[in-house]
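**Q** Pasting a structure below so you can have a look.
Coordinate-derived values only; no laboratory data. The structure presented is a predicted model; accordingly, all values stated were derived computationally and were not measured. Reconstructed Cβ throughout: ideal geometry from the backbone, glycine too, with neighbour counts over all protein chains shown.
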Ligand code: 5AD
Ligand code: SF4
């Protein structure tokens, strides 16, 4: 019996798919490489932007034909989209061949859902239940990296964002649970741990005792052995001095912060309910760089938020030129039903399109400049895997998070090597392994 999981969206979903895989493997299913060969097809969905949603409905439509060819095929829709208001109903009426609909907070019901589906009984539950990671196995797929959830959900309600509605309120995992998972992963040979949360910096506020995100970084930083600790995502309003100090204090905690700015205009930030100003963001960057001169700061930026003027957008470009992010995920604002920004005055599509092109060009220029400063220098890189876009090429990241391509034997996956940067083609770095130290 084969399973195939189609994962859409962010790392949170990638990691949820590892949990789904763990549950299915425990039930005797074996992973396969295409939906056509599957006995169970899982769609772990995303609804952050309309483009993701459209793609998923397209893929779901195609399943109808497969189901005709293989009536035993079980179809599962889970993840963020299934949690949106009205979507479970829509699937029931418009996609009746879907057997299971599950929400984001009740993956622990998957086993029962599949058993029901095997008996041709439909299963639909999108309640927010609480499950413990410890309640089921995980089939990890990203060695030498391992994802570890530290908190779920979000309380911030940025006015454009659907996440608080589909992932629920913030819940932190107990410190002892997180520590036990991290220690086990390191004992099992994982070389990079990435802590996951919608807002990692607010970790612990709902736990007993004086536990904060900095506490967690200190506890993990103190563990022995060579490994890397990364985390995402940080909200600028919550990134404390203690966290910056912990990154500075422990060599295992990477000099790398993902710090979404969203906009460079104070007025737009206010309308987005981000709770910081442009100046606050600049001041935070200065404080970070004062203590972490080699830090790599990455970000998310959105263009075309309702009422964004040309001047607001110019402020974003100006911020991008000054902050010098090592990379930026640039998005066109997408109108999400149920969010406050849905009823604000929208920007025409042509304007959004023109702005995203200019923003990407601006960030590419910055990335290129940073890449040039890295030429001929040696960086420690964790060999992560093959870069299948190129022949016999491996890739890995520097501590600051820059991806580097280089030639080496696949047996080195999971090892730290020193790589000298030979060439930079805009965002892509090419290097070769050297024996000299950085
Ligand atoms: N439209 C476009 N981008 C969005 N993001 C969140 N909501 C939306 C939306 N409605 C982006 C933000 C966030 C990232 C994960 O996705 O930049 O940081
Ligand atoms: Fe969405 Fe804002 Fe929460 Fe991030 S912090 S998940 S953008 S509401």
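**Q** Multiplying the sequence separation of residue 282 and residue 66 by 0.36 nm and subtracting their Cα-Cα distance, what value in nm do you get?
**A** Values: separation 216, 0.36 × 216 = 77.76 nm, distance 5.26 nm.
Full extension from residue 282 to residue 66 adds 72.5 nm.
**Q** Can I ask one more? Given Cα pairs under 8 Å that are at least 6 residues apart, what percent is the relative contact order of the range 356-438?
**A** Working: 161 pairs, mean separation 26.3, N = 83.
Across the range 356-438, relative contact order equals 32 percent.
**Q** Determine the distance separating the Cα centre of the range 136-151 from the Cα centre of the range 265-284; give it in Å without decimals.
**A** 33
**Q** Taking every DSSP beta bridge with both residues inside the range 133-373, roughly what % is antiparallel (nearest 5)? Provide the component values of the computation, followed by the final result.
**A** Working: 2 of 23 bridges.
Beta bridges within the range 133-373, antiparallel portion: roughly 10 percent.
**Q** With the crude spin-label approximation of a point 7 Å out along Cα→Cβ, what separation in nm comes out for residue 129 versus residue 376?
**A** Roughly 6.2 nm, to one decimal.
**Q** Between the range 206-260 and the range 309-367, what is the separation of their alpha carbon centroids in Å?
**A** The range 206-260 and the range 309-367 have Cα centres spaced 29 Å from each other.
**Q** To continue, here is another question. Which whole-number value in Å³ per residue fits the convex hull of the alpha carbons of the range 326-438? Could you put the intermediate results ahead of the total?
**A** On the way: hull volume 16.3 nm³, N = 113.
Enclosed volume per residue, from the Cα hull, is 144 Å³.
**Q** State the antiparallel share, in %, of DSSP beta bridges confined to the chain, rounding to the nearest 5.
**A** Values: 22 of 63 bridges.
Of all bridge pairs located within the chain, approximately 35 percent are antiparallel.
**Q** Can I ask one more? Ranked highest first by the average count of other Cβ atoms within 10 Å around their residues, in what order do 51-59, 230-238 fall?
**A** Working: 51-59: 14.6, 230-238: 19.9.
Taking the mean over residues of other Cβ atoms within 10 Å, the ranking is 230-238, 51-59.
**Q** For the chain, what relative contact order do you get, as a whole percent, if you take Cα pairs closer than 8 Å and at least 6 residues apart?
**A** Working: 857 pairs, mean separation 44.0, N = 438.
Across the chain, relative contact order equals 10 percent.
**Q** I would also like to ask the following. In deg cm²/dmol and to the nearest 500, what is the mean residue ellipticity at 222 nm of the chain if only DSSP H runs of at least 4 residues count, each as -39500 (n - 2.57), divided by the residue total? Intermediate results must be reported in sequence, preceding the final value.
**A** Numbers: 13 runs with 153 residues, N = 438.
The helix contribution divided over the chain gives -11000 deg cm²/dmol.
**Q** Could you tell me which of rounded, prolate or oblate describes the range 1-98, using a ≥ b ≥ c as the square roots of the eigenvalues of the alpha-carbon gyration tensor, with rounded for a/c under 1.5 and, failing that, prolate when a/b is larger than b/c and oblate otherwise?
**A** It is oblate, given that a/c is not under 1.5 and a/b is not larger than b/c.
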